[in-house]
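The values are calculated or read from the model by the stated rules, or taken from the named source; none is laboratory data. Please read all numbers here as calculations on a predicted model, not as lab measurements. Every residue, glycine as well, gets a Cβ built from its backbone with ideal geometry; the counts of neighbours run over all protein chains shown. Accessible surface areas use protein heavy atoms only, side chains included; no ligands, DNA or RNA. Shrake-Rupley method; radii C 1.70, N 1.55, O 1.52, S 1.80 Å.
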Amino acid sequence: MSLLGGSIAAQQPPGGAEPIRPSPIPRAELIRRLATSLDSLAKAGQFSGVAVLAKNGESVFQGIYGMADRERHVSNNLETAFNLGSINKVFTQIAILQLRAAGKLDLDSTLATYWPDYPNREVASRITIRQLMRHTSGIGGNVFDPPAGGKRNDIRTLGDYLPLFVNQPLAFEPGTRNAYSNAGYVVLGLLIQRLSGEDYYTYVREHIFKPAGMTRTGSFAVDSLPPNTAIGYTRGDEDAPLTAPLRPNSRDLPGRGSSAGGGYSTAQDLVKFVQALREHRIPNGLPAGLGIAGGSGGMNAVVEGDLPGGYDLIVLANLDPPAAERVARMTRAWLGVSDDGG
């Protein structure tokens, strides 16, 4: 999985919420299995982070393991912020839907309609906003390269990402294929800035995080992380053995995350986020029954909403995938949810 890579899926149809399915096992048994499994994974060096199981916005289980900063011997805690990888794309989706509701864009209009001076006019005239959101635009390119003549740490704004891919031709005819595109979500973030008059980071803070009561969520500069933010630790390869040494992933990160991913949040803030979606406190928010994940070297995060029994699961890890996704898969299996959401 590439940096900021991940997946976004809905467990409920966008037209309305499904009734909450009952849990096939009692709460006490679910908590026992979750605690036992996390204990074993942490002892085996396969989990470091925070896992929270909540219902109606209230935690029924909290598991905290490992170190936020191994060099300084700082342990993870419930308020530790972790890199979310591609989970940030959900915030970008909501921002686009808010701008549509405000009459500032039509999802089926071309990018050129709203960005006539986009540096690649041929591309802008052929792709739609909906295609960008659905990864069917054909925009490719590697947003993880360093800028020309610089280093990855020099990337500090969304505009810094654009030259990494903007001059490349489309990888395929728009709408004919689906190919995961971080670059497409960078473009969406820049479009949000153009149409809202606010920079992307300010927009999502004011229109998504604040309504949800999320006070520890944001995109932070990698060389000036706030206190109590987890350092990611990677073995350099997802297939590396557990005996391979861990190293900080700081040198692999851009200077600041983007609308495609790389922001930070806490388990408690993400519980608030799902509850805010459920209570419709975020304008034009998605259904609460979403399943989202993100990860790369030294980071893995999962948010699962409206699981059977009415549970929400947040798992944040500062180790390589599948540290968090493994826990989510086990929990879904215990609750009778298949990997395809059924």
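Of note:
- From the options GLY232, GLY213, GLY197, residue that is among the small types (Gly, Ala, Ser), more than 19 Å from LEU164 (Cα to Cα) and without any contact (Cβ under 8 Å) to a residue 60 or more places away in the chain: GLY197
- The residues on offer are THR229, THR234, and the sole one that is of a type in the set (Val, Ile, Thr), out of contact with any helix residue (DSSP H, G or I) (no Cβ under 9 Å at 6 or more places or on another chain) and open to solvent by less than 20 Å² (accessible area, probe 1.4 Å) is THR229.
- Among the residues making up the range 297-337, a single one is of a type in the set (Phe, Trp, Tyr) and either over 19 Å from ALA28 (Cα atoms) or touching a strand residue (DSSP E or B) at 6+ places or on another chain (Cβ under 6 Å) (or both): TYR311.
- Search result, residues across the range 42-54 that are in contact (Cβ under 8 Å) with a residue 40 or more places away in the chain, surrounded by fewer than 21 Cβ atoms within 10 Å (Cβ to Cβ) and not polar (S, T, N, Q): ALA44, GLY45
- Scan the range 23-59 for residues that are among the small types (Gly, Ala, Ser), part of a loop (DSSP other than H, G, I, E, B), within 24 Å of the chain's Cα centre (by Cα) and closer than 23 Å to GLN275 by Cβ and the total you get is 1.
- ASP223 meets all of the listed conditions (1) open to solvent by less than 60 Å² (accessible area, probe 1.4 Å); (2) among the acidic types (Asp, Glu); (3) touching a helix residue (DSSP H, G or I) at 6+ places or on another chain (Cβ under 7 Å) but one, namely (1).
- Considering (1) touching a Lys or Arg at 6+ places or on another chain (Cβ under 8 Å); (2) surrounded by fewer than 18 Cβ atoms within 10 Å (Cβ to Cβ), the lone condition that LEU307 does not fulfil carries the number (2).
- Unique match (being under 13 Å from the mean Cα position of the chain (by Cα), within 27 Å of GLY159 (Cβ to Cβ) and either buried (at least 19 other Cβ atoms within 10 Å of the Cβ) or among the aliphatic types (A, V, I, L, M) (or both)) among ALA301, ALA267, ALA293: ALA301
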